[in-house]
Amino acid sequence: MSSSVDPLQFAYRAKVGVDDAIMFLLHRAVSHLEESGSSVRVMFFDFSSAFDTIQPPLLAEKLHAMQVSHNMVAWILDYLSRRPQCVRLQSALSDVVTGSTGAPQGTVLSPFLFTIYTSDFNYNSGKCHLQKFSDDSSVVGCISEDDEEEYRDVVGSFVCWSEENHLRLNITKTKELVIDFWRNRKPPTPITIQGEEVEIVDSYKYLGVYINNKLDWKNNTDAVYRKSQSRLYFLRRLRSFSVCSHIIPVYGGQHIVFCRGVLGWRNQGREAEQDQQAGEEGQQSGGSQTGQFGDGGREKD
C-alpha cells in the first residue's frame with residue numbers, strides 16, 4: 001500500500017512530518033524565485049469537515065485498487081458503516097441516529113483513511129505540484145514569464161476531483177499567497193472557484209508557521225513572541241499564587257526554554273539596533289567636530 005500513497009503526502013509517514021512539508025514548499029519557492037522575472041503562487045485549500053465527508057463505498061474502491069485484501073476492505077467498510085450515535089445530557093438521552101458517512105473523530109485510523117481517500121489525486125512537475133498534510137492541501141505554482149496555465153489547470157482539476165469525491169471546499173477559508181519580488185509587475189488576477197474569487201493574502205498560517213509574501217520570518221516571529229509573552233504572564237501568575245515549583249514546569253517547561261531563546265534573540269536585535277544608532281550618531285558628531293577643528297586650523301594658519 002505504501003507505494004500507492006501520494007509521495008507528497010507528508011502526514012502519517014515514517015521519518016516525514018510538518019517540518020518536511022514546510023521546507024519542501026519553501027525550497028521550491030526560493031529556488032524558483034532566483035530566476036529572472038519569476039513568481040510563485042500558492043493556493044491553500046480548506047475543506048469543510050473533511051473527515052466527515054468520506055464516502056465508504058468510494059474508499060472501498062480505492063482500497064481494492066491498491067490491492068488491499070478483501071477481508072481488510074470488508075472490515076474497514078463495516079467499521080465505517082451503520083454507526084449508531086446519540087447524545088447524553090445528564091439523565092436525558094437523544095434518539096439514536098445511524099451514520100454511514102465519514103470516519104469517527106478522535107481515532108488513529110480516521111486520518112490515515114483520509115490520506116488513502118485523497119491519494120488518487122497527485123501532481124508533481126518541475127513548475128507545479130500538489131502537496132498534502134492530512135487534509136491540508138496546497139498547490140504550488142512556479143510562474144515564469146506570466147505563464148500561469150499549468151497552475152490554473154491543476155487548481156481547477158483538484159476542485160473538480162474534490163467535487164467528484166464529495167469533499168466540500170470552504171472557499172471563504174481557502175486563501176492564495178502570491179510571492180513576487182518584481183515591483184513593476186501588474187497585480188495578479190484572482191482565481192475563481194465555484195463562482196467565488198479566492199482572497200489573495202499577504203501572510204498565511206501553514207501548519208503552524210506564518211509564511212508571508214516576502215518570505216521573511218517577521219510575521220512568524222511576532223506571533224511566537226506574543227504567544228511566549230502570554231505564556232510567561234501565566235507562569236508569573238502561577239508563581240504569585242505560591243504554586244509548587246515542581247508543577248510550573250509541567251505547565252510551561254517547554255515554553256520557558258523557548259521564550260528564553262525568543263526573548264534573547266529579540267533583545268540582541270534591539271541591542272544591535274541601538275549600537276548601530278549610536279555608531280551613526282558618533283560618526284555624525286565626529287564629522288562635525290572634525291570640520292570645526294579643520295576650520296579652526298585654517299583660521300589659525
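The values are calculated or read from the model by the stated rules, or taken from the named source; none is laboratory data. Here the structure is a predicted model, which is why all the values come from computation and not from measurement. Here the Cβ is made from the backbone with ideal geometry for all residues, glycine too, and neighbour counts use every protein chain on show. When the accessible area is computed, the model is the full protein with side chains, heavy atoms only, and any ligands, DNA or RNA have been set aside. Shrake-Rupley method; radii C 1.70, N 1.55, O 1.52, S 1.80 Å.
In the stretch 211-229, of all residues being loosely packed, with under 12 Cβ neighbours inside 10 Å and not acidic (D, E), the one that is farthest from the chain's Cα centre (by Cα) corresponds to R226. Could you tell me whether V73 is β-branched (V, I, T) and surrounded by fewer than 10 Cβ atoms within 10 Å (Cβ to Cβ)? No, not satisfied. Give me a count of the residues in the stretch 111-129 that are within 30 Å of E35 (Cβ to Cβ) and either touching a Leu at 6+ places or on another chain (Cβ under 7 Å) or not in a strand (DSSP E or B) (or both). Going through the stretch 111-129 one residue at a time, the tally reaches 8. Counting the residues of the stretch 125-156 that are touching a residue at least 24 places away in the same chain (Cβ under 8 Å) and either in contact with a His (Cβ under 6 Å, 6 or more places away or on another chain) or closer than 17 Å to F45 by Cα (or both) gives 19.
Among the criteria (1) open to solvent by less than 30 Å² (accessible area, probe 1.4 Å); (2) modelled with pLDDT under 95, the one T189 does not fulfil is (1). Only a single item in (1) at pLDDT 90 or above; (2) open to solvent by 10 Å² or more (accessible area, probe 1.4 Å); (3) among the aromatic types (F, W, Y) is not met by F45, and it is number (2). Applying the criterion of being assigned to a loop (DSSP other than H, G, I, E, B) and at pLDDT 75 or above to the residues of the stretch 230-243, the residue that is most open to solvent (accessible area, probe 1.4 Å) is F241.
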